[in-house]
Amino acid sequence: MKILKGGGGSRSENKTLRGITALAAFCVVIIHCNVPGTFGDVVTGLSRFAVPCFFMISGYYLFSKNGYLEKIPNKIWNTVKLILILKVMYLIIDFILLKNGTIGMNDVAYNFIISSDYNQHVWFLYALLALYVFSYLAAKHNFDISRLFGIAIVIIVIDLIFSELLPVCGFDTVQISNKIYPFIGLSFFIIGYLIRKNMKYVKSLLTNKLLAISVMGGGAVCYRINFCQQN
């Protein structure tokens with residue numbers, strides 16, 4: 001853990017998480033590249049850890065020993081600014097397409113307000129914004145969001161049932177799984193928050209063998225989920 005000091009005070013920066021964040025960002029690109037063949041299925045499946053990882057890191061950095069109420073408005077505002085910047089960028093693209101006659105004005109309005117094939121990934125920022133707002137309201141009412149750990153686990157179990165277990169049993173639950181998937185953001189956000197809150201205990205549990213099993217197990221699950229979605 002390295003402490004960096006800036007004009008606004010000091011903040012702690014975890015070098016390991018910086019590396020994980022960089023890897024996760026690369027994996028998000030891989031997911032959207034539609035790599036063909038069996039190799040593509042494996043790489044894409046393993047890369048699907050990235051989005052839950054980002055939610056977990058966001059929850060991790062939310063925790064503060066002195067409470068996060070003071071810093072969360074800035075996180076909310078930064079997320080809103082990023083959403084607006086992306087929306088404006090995509091709006092410019094839509095107006096170019098409109099000028100070329102590729103889409104109509106109704107499409108421009110729909111894409112800006114709702115979503116389109118090329119800007120649907122903004123859902124992550126909407127979900128993150130909702131989590132920050134929820135956390136802010138929870139802190140205002142002195143509610144510890146770590147108390148939601150049980151609900152977080154239930155959501156993950158439900159997601160695995162519909163995305164992993166039922167497809168293996170021959171049930172077509174891909175559409176249901178896709179609707180459940182965004183809610184795992186809450187689960188991993190809470191888990192990340194709890195990891196930071198109980199860092200000493202977590203460090204005592206971490207061993208090379210446990211990390212290896214977690215990586216291989218998580219990769220296998222991600223691959224299977226990706227395989228089910230493709231089929």
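The values are calculated or read from the model by the stated rules, or taken from the named source; none is laboratory data. Just so it is clear, the structure is predicted and the values come from calculations on it, not from any experiment. Neighbour counts run over all protein chains shown; Cβ positions are idealised from the backbone, glycine included.
Some points to look at:
- Counting the residues of the stretch 116-147 that are over 20 Å from Phe63 (Cα atoms), over 18 Å from the mean Cα position of the chain (by Cα) and free of Cβ contacts under 8 Å to residues at least 12 places away in the same chain gives 1.
- Assessment of the stretch 33-40 against the conditions (under 24 Å from Asn111 (Cβ atoms) and either part of a loop (DSSP other than H, G, I, E, B) or at pLDDT below 80 (or both)) yields at least one matching residue.
- Selection count, the stretch 156-193, where residues are modelled with pLDDT of 90 or more, surrounded by fewer than 20 Cβ atoms within 10 Å (Cβ to Cβ) and touching a Phe, Trp or Tyr at 6+ places or on another chain (Cβ under 6 Å): 0
- The stretch 60-112, subset under 25 Å from the mean Cα position of the chain (by Cα) and basic (Lys, Arg), residue nearest to Phe143 (Cα to Cα): Lys65
- Members of the stretch 93-116 that are in a loop (DSSP other than H, G, I, E, B) and surrounded by 14 or more Cβ atoms within 10 Å (Cβ to Cβ): Ile103, Ser115, Ser116
- In the stretch 117-139, the condition of being out of contact with any strand residue (DSSP E or B) (no Cβ under 7 Å at 6 or more places or on another chain), farther than 30 Å from Ile195 by Cα, acidic (Asp, Glu) and assigned to a helix (DSSP H, G or I) is met by no residue.
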